């Protein structure tokens, strides 16, 4: 019995050696070839593969970072408070707020409202229409109400059209005379799970748009 087991083990080892060395390929038995021509045949469009220069690699990495990072703003105090409330359930480190010296913005503006009673009436009416407003911070436009601020005149004009459809009257688009400080929301590293939750922020973002972060 022992001799038979030794003989079987010898034959098995001999068969494995023949299989591994490709001696049985003529019979359709053997390991997958690992030589360079066979690896190239398994590649999909190998002619399209090229090495990136260090500069191209840096540019590709920077683009990937910008696509993963989103930002919106600037926000006033009231808008920021609402936004922070919407972010309370987001994971730690998934967002941050940065101070930003914003360039002069285009505003959807209601004013001037020198009569305090008229200012209060307009605020109450906007609240009834479920439209956010806050006191204008630009000295040259005070007292008045800001219904949204934008980086371009076109964005502000489009927002005004939407607000007028919602019942707003006597508002207009104006530009601030000088830069002012604001708060900017930064979502530094978006993944699929966080992207699926962006709709949670839409009401608090209001007219602001999430854009890729600058390099």
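Listed here are the helices (runs of 4 or more DSSP H) enclosed by the stretch 63-177 that have at least 3 residues being under 22 Å from residue 202 (Cβ atoms) and without any contact (Cβ under 8 Å) to a residue 40 or more places away in the chain: 153-165. Taking the numbered list (1) surrounded by fewer than 17 Cβ atoms within 10 Å (Cβ to Cβ); (2) out of contact with any helix residue (DSSP H, G or I) (no Cβ under 8 Å at 6 or more places or on another chain) in turn, residue 112 passes all entries but (2).
When the stretch 84-121 is examined, which residues are found to be in contact with a strand residue (DSSP E or B) (Cβ under 6 Å, 6 or more places away or on another chain) and modelled with pLDDT of 90 or more? Once the filter is applied, which keeps residues that are in contact with a strand residue (DSSP E or B) (Cβ under 6 Å, 6 or more places away or on another chain) and modelled with pLDDT of 90 or more, the stretch 84-121 yields 95, 96, 97, 106, 107, 108, 109, 110, 111, 112, 113. Annotation: of all residues in the stretch 156-211 being closer than 12 Å to residue 71 by Cα, exposed (fewer than 14 other Cβ atoms within 10 Å of the Cβ) and in contact with a strand residue (DSSP E or B) (Cβ under 7 Å, 6 or more places away or on another chain), the one that is modelled with the highest pLDDT is 211. The single condition from (1) surrounded by fewer than 20 Cβ atoms within 10 Å (Cβ to Cβ); (2) touching a helix residue (DSSP H, G or I) at 6+ places or on another chain (Cβ under 6 Å) that residue 84 fails is (2).
The values are calculated or read from the model by the stated rules, or taken from the named source; none is laboratory data. Quick caveat: nothing in here was measured; it's all calculated off a predicted structure. Note that we place each Cβ from the backbone using ideal geometry, even for glycine, and neighbour counts take in every protein chain shown.
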